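See structure below.
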Amino acid sequence: MSAADRHFLLGYGSLINGQSRAKTGETGNVWPVKLHGFERHWAVMSLEYGMSSVAVIEAPSKACNGVLVEVPYDQFPLFDEREVGYRRSQIEADQLSAYQDDVLPAGTYWVYHTDDVIDPHHECPIALSYLDVILAGCLEHGDAFAQDFLTLTKGWASPLLNDRQAPRYPRVQPDVPTERLNTLLAPITTLSIKELSVTYES
């Protein structure tokens, strides 16, 4: 397949998580990367689920981490539907740097982004059921990658809801390693470890 026929999505939230991606469509190989020229924020993207999501906005000299995922072009409508409310735009190869010394594949790169950030609020807080999926995906690429997600995301002072027993996120993953995630979350959340430790009902 020529480079002109290969397409890639930059996943920086729940699309980092392989199990979560598989719920939407067919994808191929994955490369952990940093995306330059964009900044990731917690933002209200939809009122439907009563929770906030992560979104990126263009921001010169800023960066966030994510994964470059090969996606067959005929699968893009499925991902566009999943990312309703975001705008899909092309990004350039020089905006990406690999975590390892991997050579990134040639092709057309896309990212879902927004133009404005609406801060989370009590009706649309950061939902732990969604954050768990993102962090579990980050851990697929190592602890340092997960730490970078926390460091390179703005908005942690926003309201945070432990909804593990009544998840608001529709693609919830009840089998995530909550104890390990709680350790990662402890430095950045206002919830206590005791409050974080409520696990999903079986």
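The values are calculated or read from the model by the stated rules, or taken from the named source; none is laboratory data. Predicted, not measured: the structure shown is a model, and the values here were computed from it. All Cβ positions, even for glycine, are placed from backbone atoms using ideal geometry, and neighbour counts span all protein chains on display.
Which of the residues belonging to the range 85-117 are of a type in the set (S, T, N, Q) and either crowded, with 18+ Cβ neighbours inside 10 Å or part of a strand (DSSP E or B) (or both)? Let's see the steps before the verdict.
Here is the first cut: in the range 85-117, the ones of a type in the set (S, T, N, Q) are 89-90, 95, 97, 100, 108, 114.
Result: 89, 90, 97, 108.
Suppose the filter is in contact with an Asp or Glu (Cβ under 7 Å, 6 or more places away or on another chain), in a helix (DSSP H, G or I) and in contact (Cβ under 8 Å) with a residue 24 or more places away in the chain; does residue 158 pass it? First the steps, then the outcome.
Values: in contact with an Asp or Glu (Cβ under 7 Å, 6 or more places away or on another chain): yes; in a helix (DSSP H, G or I): no; in contact (Cβ under 8 Å) with a residue 24 or more places away in the chain: yes.
It is false that residue 158 is in contact with an Asp or Glu (Cβ under 7 Å, 6 or more places away or on another chain), in a helix (DSSP H, G or I) and in contact (Cβ under 8 Å) with a residue 24 or more places away in the chain.
Could you tell me whether residue 128 is under 27 Å from residue 2 (Cβ atoms), modelled with pLDDT of 95 or more and of a type in the set (A, V, I, L, M)?
Working: under 27 Å from residue 2 (Cβ atoms): no; modelled with pLDDT of 95 or more: yes; of a type in the set (A, V, I, L, M): yes.
The answer is no for residue 128.
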### Message
Looking at 128, 135, 47, can you tell me which residue is exposed (fewer than 13 other Cβ atoms within 10 Å of the Cβ) and under 30 Å from residue 200 (Cα atoms)?
### Response
47
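For residues that are among the charged types (D, E, K, R) and not in a loop (DSSP other than H, G, I, E, B), scanning just the range 1-28, find the one that is farthest from residue 108 (Cα to Cα). Spell out the reasoning first.
So the first thing to find is which residues in the range 1-28 are among the charged types (D, E, K, R), and the list is 5-6, 21, 23, 26.
Now narrow it down to the ones that are not in a loop (DSSP other than H, G, I, E, B): 5, 21.
Details: 5: 8, 21: 19 Å.
Result: 21.
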### Query
Any idea which of 147, 75, 95 is polar (S, T, N, Q) and touching a Ser or Thr at 6+ places or on another chain (Cβ under 8 Å)?
75
### Summary
How many residues of the range 164-176 are of a type outside the set (A, V, I, L, M, F, W, C) and free of Cβ contacts under 8 Å to residues at least 60 places away in the same chain? The answer is 5
### Query
Looking at the range 153-202, which of its residues are within 26 Å of residue 56 (Cβ to Cβ), of a type in the set (Ser, Thr, Tyr) and touching a helix residue (DSSP H, G or I) at 6+ places or on another chain (Cβ under 8 Å)?
169, 189
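Looking at 192, 129, 89, 97, which one is more than 26 Å from residue 47 (Cβ to Cβ), within 18 Å of the chain's Cα centre (by Cα) and of a type in the set (Ser, Thr, Tyr)?
After applying the criteria, what remains is 97.
Has the range 146-155 got at least one residue that is part of a loop (DSSP other than H, G, I, E, B) and either of a type in the set (Asp, Glu) or free of Cβ contacts under 8 Å to residues at least 12 places away in the same chain (or both)? I'd like the intermediate steps shown before the answer.
Within the range 146-155, the subset part of a loop (DSSP other than H, G, I, E, B) is 152, 155.
Imposing the further condition that a residue be either of a type in the set (Asp, Glu) or free of Cβ contacts under 8 Å to residues at least 12 places away in the same chain (or both) reduces the set to none.
The answer is no, given that none of the residues of the range 146-155 is part of a loop (DSSP other than H, G, I, E, B) and either of a type in the set (Asp, Glu) or free of Cβ contacts under 8 Å to residues at least 12 places away in the same chain (or both).
Would you confirm whether or not the range 177-193 contains a residue that is part of a helix (DSSP H, G or I), surrounded by 14 or more Cβ atoms within 10 Å (Cβ to Cβ) and either β-branched (Val, Ile, Thr) or in contact (Cβ under 8 Å) with a residue 60 or more places away in the chain (or both)? Show your work before the answer.
Going through the range 177-193, the residues part of a helix (DSSP H, G or I) turn out to be 178-185, 193.
Filter again for surrounded by 14 or more Cβ atoms within 10 Å (Cβ to Cβ), leaving 178, 180-182, 184-185.
Now restrict to residues that are either β-branched (Val, Ile, Thr) or in contact (Cβ under 8 Å) with a residue 60 or more places away in the chain (or both): 178.
Yes, because at least one residue in the range 177-193 is part of a helix (DSSP H, G or I), surrounded by 14 or more Cβ atoms within 10 Å (Cβ to Cβ) and either β-branched (Val, Ile, Thr) or in contact (Cβ under 8 Å) with a residue 60 or more places away in the chain (or both).
Within the range 118-138, which residues are touching a Phe, Trp or Tyr at 6+ places or on another chain (Cβ under 8 Å) and either farther than 20 Å from residue 39 by Cβ or in a loop (DSSP other than H, G, I, E, B) (or both)? Working first, answer last.
Step one: list which residues in the range 118-138 are touching a Phe, Trp or Tyr at 6+ places or on another chain (Cβ under 8 Å), which gives 119-120, 126-127, 129-130, 133-135, 138.
Answer for the range 118-138, where residues must be touching a Phe, Trp or Tyr at 6+ places or on another chain (Cβ under 8 Å) and either farther than 20 Å from residue 39 by Cβ or in a loop (DSSP other than H, G, I, E, B) (or both): 119, 120, 127, 129, 133.
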### Message
Being within 26 Å of residue 33 (Cβ to Cβ) and surrounded by fewer than 16 Cβ atoms within 10 Å (Cβ to Cβ) is the requirement here; does residue 147 meet it?
### Response
yes
### Task
Take the range 35-84 and flag every residue that is over 15 Å from the mean Cα position of the chain (by Cα), part of a loop (DSSP other than H, G, I, E, B) and touching a residue at least 24 places away in the same chain (Cβ under 8 Å).
46, 47, 49, 50, 71, 72
